[in-house]
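Engineer: Following this message is one structure expressed as structure tokens.
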Amino acid sequence: SLNRFFDGFNEGTEGEQLRSKQIEFVCSDMHKPYLNVIEERCPNALNLLDRFHVKGHLTKAVDETRKLDVAKLKLKKKEEVLTKSKYIFLKNQENLTEKQAVKLDELMKCNLRVVRAYLMKEDFERFWDYKSWYFADRFLHQWCVRAMRSKIEPMKKFVGTIRSHRELLLNWFKSQGMSSGIVEGFNNKVKLTVRKGYGYGSDESLKITLFHALGKLPEPKFTHRFW
């Protein structure tokens, strides 16, 4: 799909004048096939990882830690400790309801792996506040060491992921904080358009519908007239 996009994007250009060779920044997730295509088709672009996706991997690690604690508490018949706690650990603190904030305060007093994982997740947010990639890299290294020493398996797995993409992650600072937030907005609009269509007879009809929904293409005046 991405290669097909670049084929159309480069149409009418060739050699060093290829449009894809003039792209300066590409913001993506960690999907290996995408990274391979970007490296091949945009050789002059700075590829960086999207903050939204990095945070998604980290919150997933926290939730997996919660599940491990729930299973352990269930054996002790104390699973009610973490009842209805899933979104408390996944939300930003400022978005918690009053009831969730009270529950979080209570959980902070418990010696649970998910509490430690949650505190590490909150601490990781400081990474994005750095102005210099050098100091951000130092923080990232120290944070990863602490996460590995925690012996929490989902967090250790997350550390492995970001360490293998360290250079792409630090490119975020070289791009002055570029993100794919606009693209995520388009993705949500695509999903809504597909649901509203209740199925399409062909890929071509879906493509035309998406062009109209996302590109606001002009429609003939008679389109919605009835006699």
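Engineer: Just the residues that are of a type in the set (A, V, I, L, M, F, W, C), in a helix (DSSP H, G or I) and more than 30 Å from LYS157 (Cα to Cα), please, taken from the stretch 6-37.
Structural biologist: Result: PHE6, PHE9.
Engineer: Are any of the residues in the stretch 8-17 open to solvent by less than 80 Å² (accessible area, probe 1.4 Å) and within 17 Å of GLY181 (Cα to Cα)?
Structural biologist: no
Engineer: Does ASP137 meet the test of being among the charged types (D, E, K, R), crowded, with 19+ Cβ neighbours inside 10 Å and either touching a residue at least 40 places away in the same chain (Cβ under 8 Å) or in a helix (DSSP H, G or I) (or both)?
Structural biologist: Judged against the criteria, ASP137 is not a match.
Quick grid of which residues meet (1) surrounded by fewer than 13 Cβ atoms within 10 Å (Cβ to Cβ); (2) under 18 Å from the mean Cα position of the chain (by Cα); (3) modelled with pLDDT under 90; (4) not charged (D, E, K, R):
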{"residue": "ASN95", "(1), (2), (3), (4)": "yes, no, yes, yes"}
{"residue": "LYS103", "(1), (2), (3), (4)": "no, no, no, no"}
{"residue": "VAL114", "(1), (2), (3), (4)": "no, no, no, yes"}
{"residue": "ARG149", "(1), (2), (3), (4)": "yes, no, no, no"}
{"residue": "ASN171", "(1), (2), (3), (4)": "no, yes, no, yes"}
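Engineer: Is there any pair with a first residue in the stretch 52-80 that is of a type in the set (A, V, I, L, M, F, W, C) and a second that is assigned to a helix (DSSP H, G or I) and open to solvent by 80 Å² or more (accessible area, probe 1.4 Å) whose Cβ atoms are under 8 Å apart and which are 6 or more apart or on different chains, and what are they?
Structural biologist: Correct list of pairs: ALA61/LYS157; LEU68/GLU153.
Engineer: Quickly run through the stretch 151-169 and pick out the residues that are in a helix (DSSP H, G or I), of a type in the set (D, E, K, R) and more than 16 Å from the chain's Cα centre (by Cα).
Structural biologist: The answer is GLU153, LYS156, LYS157, ARG163, GLU167.
Engineer: Across the stretch 45-92, which residue is nearest to TYR34 (Cα to Cα) among those that are open to solvent by less than 60 Å² (accessible area, probe 1.4 Å) and basic (Lys, Arg)?
Structural biologist: LYS55
Engineer: Select from the stretch 174-183 the residues that are open to solvent by less than 90 Å² (accessible area, probe 1.4 Å) and either modelled with pLDDT of 80 or more or part of a loop (DSSP other than H, G, I, E, B) (or both) and list them in ascending order.
Structural biologist: Residues satisfying the conditions are SER175, GLY177, MET178, SER179, SER180, VAL183.
Engineer: Moving on to the next point. Pull out all pairs, ordered by first then second residue, where Cβ-Cβ is under 9 Å, the residues are six or more apart or on different chains, the first lies in the stretch 109-132 and is farther than 18 Å from ILE162 by Cβ, and the second is open to solvent by 10 Å² or more (accessible area, probe 1.4 Å) and β-branched (Val, Ile, Thr).
Structural biologist: CYS110/VAL81; LEU112/VAL81; VAL114/VAL70
Engineer: Could you pull out the residue among ASP29, ASP63, ASP50 that is of a type in the set (Asp, Glu) and either modelled with pLDDT of 90 or more or at positive phi (or both)?
Structural biologist: ASP63
Engineer: Something else now. Could you give every pair whose Cβ atoms fall below 9 Å, whose first residue belongs to the stretch 195-218 and is of a type outside the set (A, V, I, L, M), and whose second residue is surrounded by fewer than 10 Cβ atoms within 10 Å (Cβ to Cβ) and assigned to a loop (DSSP other than H, G, I, E, B), counting only separations of at least 6 or pairs across chains?
Structural biologist: Close Cβ pairs (under 9 Å, with a partner that is surrounded by fewer than 10 Cβ atoms within 10 Å (Cβ to Cβ) and assigned to a loop (DSSP other than H, G, I, E, B)) amount to PHE211/LEU217; HIS212/GLU219.
Engineer: If you go through the stretch 38-46 one residue at a time, do you hit one that is in a strand (DSSP E or B) and in contact with a Lys or Arg (Cβ under 8 Å, 6 or more places away or on another chain)?
Structural biologist: yes
The values are calculated or read from the model by the stated rules, or taken from the named source; none is laboratory data. Computed from a prediction, not measured in an experiment: that's the story for all the values here. Neighbour counts run over all protein chains shown; Cβ positions are idealised from the backbone, glycine included. Calculation scope for accessible area: heavy atoms of the full protein, side chains included, ligands and nucleic acids excluded. Shrake-Rupley method; radii C 1.70, N 1.55, O 1.52, S 1.80 Å.
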